[in-house]
Every structure is written in structure tokens, then in C-alpha cells.
Amino acid sequence: MEIEDALRRAQEAAAPEVGRGQLATYIPSLANVDPHQFGMAIASVDGEVHVIGDADVPFSVQSISKVFTLALVVAAEGEAIWKRVGREPSGSPFNSLLQLDQEAGRPRNPFINAGALVVTDRLQSLSGDASGTLRDLMRRESGRSSVESDPEVARSELEAGHRTYAVAHLLASYGNLESTVDEVIDQYVAQCALSMSCRELALAGLFLARDGVLSDGSQLLSPRETKRVNAVMLTCGTYDSAGEFAYRVGVPAKSGVGGGILAVIPDRGVACVWSPALGPSGSSAAGLAALDAFTTYSDWTVF
Ligand code: GLN
């Protein structure tokens, strides 16, 4: 089926789910988003983009940022980060404290909040400006020089961030942070608060479908590193529903509580879908339905 037709099928499949589920009300400013929006963009490895619905409306990328910070750290220093973070699915909620304590401050994987804080901490040590380094990568790859972090979303997450502080303090108590808790959390909420559309995110993620090659032809990750980042996305990118997600969609993906999901189909391209209402594990319910249909009706799949 042509991409345009598969996109339409995806939108139809998602329609009953749009607006159903919960907004991420624990970040107060995300509770104000209209839950009835839906957009999807498909970017192919040659840079061609197809869109449907609200694909040009910016939303809060939240945990989708965690793939990009991991890529930047791996690009800078290869395998070293795995001394501080694991790469097993957690089977626990993304903001869980229990497992982190039981496992002596070594987060299960880089895509739950604890692991992402360690990755951001490392990027901060390496670059001196973790969220700015990420923002610049997003600007270059999406082609939109005005990509910015939304200060209102960042402030809102800080104010309501008791659990994030608790996770960061636990990491620090086990000696798994290099910067101060406040410094790491400031960078982390700024990275999560980046505001981007489906079209921009799909373009920004294309290097993951292109063996690590950026839009200017330079190599961010080696093909081997890219394969590995995608493997961790497949097993850990959608938290405690990664198994169900792999069953239904079957490609590496990363979700965020802003309602976005970025899915990588190696050598083909990237799909980004957004609809703000979330299912029980914190991934967009309509986004899951859309990607399920898209990978079913197009030949964009890895299995
Ligand atoms: N900023 C959010 C948090 O720390 C990101 C969570 C997510 O998107 N799953 O809770």
C-alpha cells in the first residue's frame, strides 16, 4: 500500500481512541492541552515527508528527548555510559523509585526517568550544556532553527517534580550523578520541554533509520551504535508496555507523556505520531493504534 493510503488507514484506526485516556496531569501545564488532536508524519530516509492531521502542531516531546540525549552521549564516548545504566526492560512504571533502590542506584535502562537523568548528567559533564546541545541537534536535523524548550512546561514540571527530585537524590546517594541534583534536573526538564511537531521530530530522528548519518551527511553514530540504540528502543522505549508495543507495532519506538511516539523503521524512515491522551503506561493510546495500523498496511516494518 502507498504511504499516503497507509497514513489514512492509520488515522482511521486511531480515530476511536483520540481523546480517550488521561492527559499527563502530573505536569500541570500538560493538562491544558486539547486531547482531541491527532497528527502523524512519515519521513523517509531520502528526506521526503508525508503528513496527516495535526502534524505541524508543536507539542511537548517529553521522553522522546531521551533517545537523542543517549545518541549524543554514545556519539561522544561510545560504550562508557553502560557502566552507569543498564539496558534491560524495567517492567515498572517510568518514574519508579523502588527498583532503583533495590538495584543500588543503577537504572535498568536509559529510557525510564532514572536512566535518562544519568544520561543527561553525563551529557552535561561532556558538553557543559546538555539541553542546549540537544536543542541544537534538533534544530539542525528538523530544519527549523526556532525549535525551543517551552519555559512554562519546564517550570511546571519543576514545581510538581517531587518524584523526579526523589529519583535524582537516590541516584546521588548511590554516587551515580556527577553534577548536582538541581543542575541535572534543570537540564532534564528543559530537554523534556522541547516543543516540536510530528514533522520536525520525524526529520530529527532520521539518522536512526540511516545507520547514524545526519542530514548533512556526517556520521553521528556508527551503524553498529545505531543498531544498538534502536535495539534498546525496541525493548525499553515504551516502558512497562514495551512487550505489548512490540507485539502490536513491532519496530523500535520511544514515547513521551506529551502524547508523541517516534518509531524507527531502519533503512526506510521514521514515523512520528501525536495525540495527547495516554494509555495506562504513559504512551499515547491513539498513537499506538495508528502505528499498529501503519505497520500493518504499509510494508514499513522490521518483522
Ligand atoms: N518529563 C517527564 C517526567 O520526567 C517525562 C516522562 C515521560 O515522557 N514518560 O516525568
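The values are calculated or read from the model by the stated rules, or taken from the named source; none is laboratory data. In this text, all values refer to a predicted model and were calculated from it rather than measured experimentally. When we count neighbours, we look across all protein chains shown, and the Cβ atoms used for this are built from the backbone with ideal geometry, even at glycine.
With Ser63, Ser92, Ser125 as the choices, which residue is within 12 Å of the ligand (Cβ to nearest atom), among the hydroxyl-bearing types (Ser, Thr, Tyr) and in contact (Cβ under 8 Å) with a residue 24 or more places away in the chain?
Unique residue meeting the criteria: Ser63.
Out of the residues in the range 210-253 that are in a loop (DSSP other than H, G, I, E, B) and small (Gly, Ala, Ser), state the one that is nearest to the chain's Cα centre (by Cα).
Filtering the range 210-253 for residues that are in a loop (DSSP other than H, G, I, E, B) and small (Gly, Ala, Ser), the one nearest to the chain's Cα centre (by Cα) comes out as Gly237.
Given the criteria at pLDDT 95 or above, within 16 Å of the ligand (Cβ to nearest atom) and either farther than 20 Å from Gly53 by Cα or surrounded by fewer than 17 Cβ atoms within 10 Å (Cβ to Cβ) (or both), does Cys272 qualify?
Numbers: at pLDDT 95 or above: yes; within 16 Å of the ligand (Cβ to nearest atom): yes; either farther than 20 Å from Gly53 by Cα or surrounded by fewer than 17 Cβ atoms within 10 Å (Cβ to Cβ) (or both): no.
No; evaluated as a whole, the condition is false for this residue.
Results for (1) crowded, with 24+ Cβ neighbours inside 10 Å; (2) more than 24 Å from Asp129 (Cβ to Cβ); (3) not hydrophobic (A, V, I, L, M, F, W, C), shown as yes or no for each residue.
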position: Ser195; (1), (2), (3): no, no, yes
position: Ala209; (1), (2), (3): yes, yes, no
position: Ile261; (1), (2), (3): yes, yes, no
position: Thr295; (1), (2), (3): no, yes, yes
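Report yes if Ser195 is at pLDDT 95 or above and within 16 Å of the ligand (Cβ to nearest atom), otherwise no.
Yes; evaluated as a whole, the condition is true for this residue.
When you scan the range 38-57, do you find a residue that is crowded, with 16+ Cβ neighbours inside 10 Å, within 16 Å of the ligand (Cβ to nearest atom) and over 13 Å from Gly287 (Cβ atoms), even just one?
Checking the range 38-57: not a single residue is crowded, with 16+ Cβ neighbours inside 10 Å, within 16 Å of the ligand (Cβ to nearest atom) and over 13 Å from Gly287 (Cβ atoms).
When the residues of the range 227-269 are filtered to those that are out of contact with any Lys or Arg (no Cβ under 8 Å at 6 or more places or on another chain) and β-branched (Val, Ile, Thr), which remaining residue is nearest to the ligand (Cβ to nearest atom)?
Step by step, filter the range 227-269, then rank; the result is Val257.
Of all the residues that make up the range 99-122, how many are within 16 Å of the ligand (Cβ to nearest atom) and without any contact (Cβ under 8 Å) to a residue 24 or more places away in the chain?
Result for the range 99-122: 1.
If I ask for residues that are surrounded by fewer than 17 Cβ atoms within 10 Å (Cβ to Cβ), within 14 Å of the ligand (Cβ to nearest atom), assigned to a loop (DSSP other than H, G, I, E, B) and at pLDDT 95 or above, which ones from the range 139-160 would you list?
none
Which of the residues that make up the range 116-138 are more than 30 Å from Ser44 (Cα to Cα) and either among the aromatic types (Phe, Trp, Tyr) or not in a loop (DSSP other than H, G, I, E, B) (or both)?
Hits for the range 116-138 are Leu117, Val118, Asp121, Arg122, Gln124, Ser125, Leu126, Ser127.
With the requirement that a residue be within 16 Å of the ligand (Cβ to nearest atom) and either in a helix (DSSP H, G or I) or touching a residue at least 40 places away in the same chain (Cβ under 8 Å) (or both), what does the range 161-178 give you?
Across the range 161-178, the qualifying residues are His162, Arg163, Thr164, Tyr165, Ala166, Val167, Ala168, His169, Leu170, Leu171, Leu177.
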